[in-house]
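See below for the structure under consideration.
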Amino acid sequence: MKFIYVSDEVDEKSYPCSLNLVFRGYTYSIEVEKDSYSYNFSSYMPEHRLGPWLDSPEGSVVLVSKDIGIEPKYFFVEKNVYGRDFEPTEYFGSKSVNREGNKFGDLCVINEESSVAGEYILRVYRNLNAPCLFELNVGLVNACTVVDDNLIILTKYPRGILSLDSSFVINWKKEFQNANPRHADIAFFQYENSAIASLGSTHRDAGDGQIISVDTKNGDTLWLRDIPFVVDYCTLVGDRIYLSGRDDWQWYILSADTGEILLEDSINFEDEDADLGRLWSHDGFLFLYLRYNVLRIMDETTGRVLQDIPIPEEFILSLGFYPEVIGDYIYIRLSNGGGIEKMSTYGGVMILPREELKQGFPLSIEVEDKGDISHQAIADGKTEYYEITASYEELGDVLRFGQIEVKLVAQRFAYNHWGNLDDNWKTRINKKFDGRMVFNVDKAKLKNPDDSKFDLMVELFNKHFAEKFRAPANKKPLTIEWRYI
């Protein structure tokens, strides 16, 4: 299996039915396909913030922020609408929007705040430029799904499930007064004629959870399963439900048909602060995240441990995403490892061929070589500045690893929010650092230079540094420039 570096494991922007995973850099996109990757400089608009792909009467569309920038400013800002070919299109009659919803027939259903603070209204639009057609006070919506021309909704406040017909008349409604949604994983699935939801827990200290299955035709309870731990992670794969508790160190596999417990186990960690992560399955194997740094693979029938895979120290498992299967490969997203000073500097992807998984254990590990990239402090009188030097043949490599290295220098040696949270930040900060950084590009080695990409990269970083970072030597914002060497 291979481990490769990406700019941010959260920012995967592949379009529906894509055979690739697409991750956003600041001035490029990297497309992971099978066990290799390529760079895309002409689409995906990486310098802008992209939202999720949405269904609309015009087909699949994506909302793209109008402003460029590193910061993840997406919600409550105006966004342009693009289709799968990344050409401008419309989203329910509008080419530019600041809200999104669920497609229900040719209508858009949006959960919006009302004039009363903390109250949410379900509003229905045919055209987002026109007044709403209909509104219904159902509370704060967690998730929606369409079943047999009915809209099935999981609500958070109050916690419950309801069904609306195509005229937005309530077919049935089911509320759960004993659940505290503050301790609830947002998990909602359609399975055959049922809707399955994780109802959360009364209190985290109580250590309990509930999973319910209701008939989507009439709202009758098909089964209800009490869980003796707080359900932090819940997913449906095939006809089975996979549950795990972060702090309780327990996991269950339930039958989606009956709620029966098919397999269960508890983990005994020596470290009391250890977390249990996501449980998932594919091809007869179970995958369990042990803490952040071990992937356990088990036999799905018996639960027998086949291999504990230590994640290379450069990475940790990303608890925000389940693995994804595209063709013959399983992709597991990774965050950066090795200290909080690397927070938000990079992510990664673990690429596991399904054929390799079936061939037996132990599985081998291959970590991508970061190549010729380095940084060093340069004395300048009583202060110091940093030079980051990148020597690659491919422009994408210069941009990808260069941006990672620039972020690492800023997080490690300057004042900033995330990098200053650990216990040793005072010894790590360079008190002589005056905030200047110079990004050196080896022009003789680079086969496809593009000055505009470096100019944009510098522009974005300087804007980002002005808002978030300060130099230890003079408390001024960090700055960066680039040059060929």
*Counted residues, segment 74-117 - those being of a type in the set (D, E, K, R) and assigned to a loop (DSSP other than H, G, I, E, B)*: 9
*For segment 120-139, enumerate the residues that are surrounded by fewer than 17 Cβ atoms within 10 Å (Cβ to Cβ), of a type in the set (A, V, I, L, M) and more than 15 Å from Phe168 (Cβ to Cβ).*
Ala130
*Within segment 457-485, track down each residue that is assigned to a loop (DSSP other than H, G, I, E, B), in contact with a helix residue (DSSP H, G or I) (Cβ under 7 Å, 6 or more places away or on another chain) and free of Cβ contacts under 8 Å to residues at least 60 places away in the same chain.*
Phe469, Pro477
*Of all residues in segment 212-232, count the ones that are within 18 Å of Asn150 (Cβ to Cβ) and assigned to a loop (DSSP other than H, G, I, E, B).*
5
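Rundown of residues vs (1) under 26 Å from Gly245 (Cβ atoms); (2) basic (Lys, Arg); (3) buried (at least 20 other Cβ atoms within 10 Å of the Cβ); (4) modelled with pLDDT under 80, yes/no style:
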{"position": "Ala143", "(1), (2), (3), (4)": "yes, no, no, no"}
{"position": "Ile152", "(1), (2), (3), (4)": "no, no, yes, no"}
{"position": "Ala179", "(1), (2), (3), (4)": "yes, no, yes, yes"}
{"position": "Glu192", "(1), (2), (3), (4)": "no, no, no, no"}
{"position": "Leu199", "(1), (2), (3), (4)": "yes, no, yes, no"}
{"position": "Asp205", "(1), (2), (3), (4)": "yes, no, no, yes"}
*Residues that are at pLDDT 90 or above and either over 19 Å from Val325 (Cβ atoms) or among the aromatic types (Phe, Trp, Tyr) (or both), drawn from segment 1-24*: Phe3, Tyr5, Phe23
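Condition check: more than 16 Å from the chain's Cα centre (by Cα) and over 22 Å from His417 (Cβ atoms). Does Asp67 satisfy that? Break it down stepwise before answering.
Values: more than 16 Å from the chain's Cα centre (by Cα): yes; over 22 Å from His417 (Cβ atoms): no.
No, not satisfied.
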_Count of segment 49-65 residues which are surrounded by fewer than 20 Cβ atoms within 10 Å (Cβ to Cβ) and modelled with pLDDT under 90_ = 2
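Pick out, from segment 20-63, the strands (runs of 3 or more DSSP E) lying fully within it that include 3 or more residues that are within 18 Å of the chain's Cα centre (by Cα). Don't jump to the end; show me each part of the working.
Details: elements: 21-24, 29-33, 36-40, 48-56.
Ranges flagged: 21-24, 29-33, 48-56.
Listed residues Val124, Val81, Val116; which is over 21 Å from Leu140 (Cα atoms) and among the β-branched types (Val, Ile, Thr)? Let's see the steps before the verdict.
Details: Val124 fails: over 21 Å from Leu140 (Cα atoms); Val116 fails: over 21 Å from Leu140 (Cα atoms).
Among Val124, Val81, Val116, only Val81 is over 21 Å from Leu140 (Cα atoms) and among the β-branched types (Val, Ile, Thr).
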*asked:* I'd like to check something: does segment 362-376 contain any residue that is crowded, with 18+ Cβ neighbours inside 10 Å and outside any strand (DSSP E or B)?
replied: no
*Single unsatisfied condition, Phe269 versus (1) over 17 Å from Glu324 (Cβ atoms); (2) surrounded by 18 or more Cβ atoms within 10 Å (Cβ to Cβ)*: (2)
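The values are calculated or read from the model by the stated rules, or taken from the named source; none is laboratory data. Here the structure is a predicted model, which means the values were calculated and not measured. Counting neighbours? That spans all protein chains shown, and the Cβs are built from the backbone with ideal geometry, glycine included.
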